[in-house]
Structure formats: C-alpha cells, structure tokens
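The next block holds one structure in the form of structure tokens; read it before the comments.
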Amino acid sequence: MKLIEVKNYDEMSKVAAKAIMEQIQTKPNSVLGLATGGTPIGTYQYLIADFTKNQTSYEKVITVNLDEYVGLEKDNPQSYSYYMKEQLFNHIDIPENHTYLPSAKNIDDEEAGRNYEKLIDSLGGMDLQILGIGENGHIGFNEPGTSFHSTTGIVKLTDSTREANARYFATMDEVPTHAISMGIATIMKSRKIVLLVSGVKKASVLNQLFHSDINEDLPASILKKHPNVTIIADQEALSIL
Ligand code: GLP
C-alpha cells in the first residue's frame, strides 16, 4: 500500500480529485467505483469545480457505487442515491443511465446482489475504486467478520456503524438496520483503489490497519493484498501511528 501524507481534509480532497481526473483523462470511459459518507464530499466538490472550470467531460464515464441502505426510497435525502445526485451527479455531465448504485427491495432480496455483480462484470470491473473506512475498519458496509470472499449482498449493520451514521438521521430509529454492499471480493477486483482517511476519529483504525495482520476482523486489512492501493491520509488520521 502506498501512503500519501497530506496536511488536512482539504488537501486530501484535492489529491483524491486529481487522481480521479487523471484516471478519466487517461481513459475517458473509465468505470469508477464511488463511495459515500462524509469523507469523499470534498473530493466531489473539487471534481465539480474542475468540471465548471475546465469542462473535463464525464459523458463516457460509468460509475458504480459501493453501497446503499435497504428500505430507503431513492428520493429519500438520507439515501446514497440522493447523496450522489446532490454531491456529484447533478453538477457534472455524466448521463443518468451511466450511474449505478446497488438497490434491494427488502432484506431478503438475494437476487439484488447477484444482479449487481453481473452488472459490474459486464462493465469489465472498476478501473478505480474510491473507498472510505469505517471507525471499525469496514469498507463499503462490510462489517468486521465479513468473509474476504464475500460478493455483493445484503448486510446487517452493526450498532456502532448505525450510531456513526445516525448524525444524518433525525432519530436513531430511522437509521436502517441493513444495507446492500459490494462484497470484499468485489472491491478487491478493482484495478486501482484509493482509500481516503481524514480526521482524528479515524486515527485508531488507521493505526490498526498499518500494524495488524490480514484478518477478517479488520475488513480493510485485505487491502494489503491488493497490488495497487493508495492511501491518502491527513495529519489527524496519522496522529497515532
Ligand atoms: C459508511 C459507508 C462507507 C464509508 C464509511 C465512513 O458507513 N458505508 O462507505 O466509507 O462508513 O464514513 P465517513 O466517511 O462518513 O466517515
């Protein structure tokens, strides 16, 4: 894993956006794996600013998102589908039918995961996957204990993940209990991975990631096996290495 140390959130976002823009310039029809959460918002803002200024085109780009809650309608402001439109898609020239997120009708919808896998395969896999990391080491919504062989499917969220994401909901009861997430094996098939880590809240998990062996209790530890991973981490996230 290659580490790029940056000063703060803003610098992390700038460096990440540059990596995405370079990917698109090299291959205009790139398949980008995108993430949600607080971490990539600044990156998306830099992409939008670049689009406004330089008109870097996304017309041929295809995006596949990592995950989505189960039980929220697409127009629910807490859904990741809504987030992606608000934070990125509405502000660039990517065609609507080039943007994919997994979606499941209910928590027993096993077909949904298989369909998303087929979709990703039919697109030839992700050229570049952007990842954030949960405070417990999850990537996508693959919680500790998830098999490294997992593919896209329904996952039950841990209480700690629901609590970490509760800030986006009015009450804890509204936080969905399940999500549909790309599996760990799915993520690992990306040709390149960029992991974004910012803030003191992520310092402990980043410390674990650097020092732990590869084990399923720390889902992100599998990234050590991937041949092309870049971690962009800021000073706060690196504060207890
Ligand atoms: C969320 C998402 C992940 C994200 C992570 C960190 O639950 N499912 O894709 O990377 O947790 O979120 P944040 O960036 O808000 O810290």
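Please treat every number below as a calculation from the coordinates, not as lab data. Please read these numbers as outputs of a predicted model, since none were measured by experiment. Quick reminder, even Gly has a Cβ in these numbers, built from the backbone with ideal geometry, and neighbours come from all protein chains shown.
Give the residue that is farthest from Ser239 (Cα to Cα), with candidates limited to residues of the stretch 158-176 that are free of Cβ contacts under 8 Å to residues at least 40 places away in the same chain and more than 12 Å from the ligand (Cβ to nearest atom). Selected residue: Asp173. Residues in the stretch 63-81 that are away from the ligand (no atom under 16 Å from the Cβ) and either in contact with an Asp or Glu (Cβ under 6 Å, 6 or more places away or on another chain) or free of Cβ contacts under 8 Å to residues at least 24 places away in the same chain (or both): Glu73, Asp75. Residue-level check: of (1) within 16 Å of the ligand (Cβ to nearest atom); (2) closer than 18 Å to Ile232 by Cβ, Asp50 misses just (1).
Residues that are crowded, with 21+ Cβ neighbours inside 10 Å, among the aliphatic types (A, V, I, L, M), within 17 Å of Pro40 (Cβ to Cβ) and in contact with an Asp or Glu (Cβ under 7 Å, 6 or more places away or on another chain) do not occur anywhere in the stretch 204-224. Does Ala233 meet the test of being closer than 21 Å to Lys14 by Cβ, in a loop (DSSP other than H, G, I, E, B) and within 16 Å of the ligand (Cβ to nearest atom)? When the stated conditions are applied, Ala233 does not pass them. Which one is surrounded by the most Cβ atoms within 10 Å (Cβ to Cβ) among residues in the stretch 177-195 that are among the hydrophobic types (A, V, I, L, M, F, W, C) and within 13 Å of the ligand (Cβ to nearest atom)? Only one residue tops the list, namely Met182.
Taking the criterion of being of a type in the set (Ser, Thr, Tyr), over 18 Å from Tyr80 (Cβ atoms) and under 17 Å from the mean Cα position of the chain (by Cα), the residues of the stretch 7-45 that qualify are Tyr9, Ser13, Ser30. Among the residues of the stretch 111-127, the ones that are in contact (Cβ under 8 Å) with a residue 24 or more places away in the chain and either surrounded by fewer than 18 Cβ atoms within 10 Å (Cβ to Cβ) or under 21 Å from Thr39 (Cβ atoms) (or both) come to 7 in all.
Can you find even one residue in the stretch 196-213 that is in contact with a Ser or Thr (Cβ under 6 Å, 6 or more places away or on another chain), closer than 24 Å to Tyr100 by Cα and near the ligand (Cβ under 10 Å from one of its atoms)? Yes.
Of the residues Met84, Met126, the single one that is within 16 Å of the ligand (Cβ to nearest atom) and touching a Lys or Arg at 6+ places or on another chain (Cβ under 8 Å) is Met126.
Looking at the structure I just gave you, is Asp121 more than 30 Å from Ser160 (Cα to Cα), away from the ligand (no atom under 16 Å from the Cβ) and part of a loop (DSSP other than H, G, I, E, B)? Considered against the rule, which asks whether it is more than 30 Å from Ser160 (Cα to Cα), away from the ligand (no atom under 16 Å from the Cβ) and part of a loop (DSSP other than H, G, I, E, B), Asp121 comes out as no.
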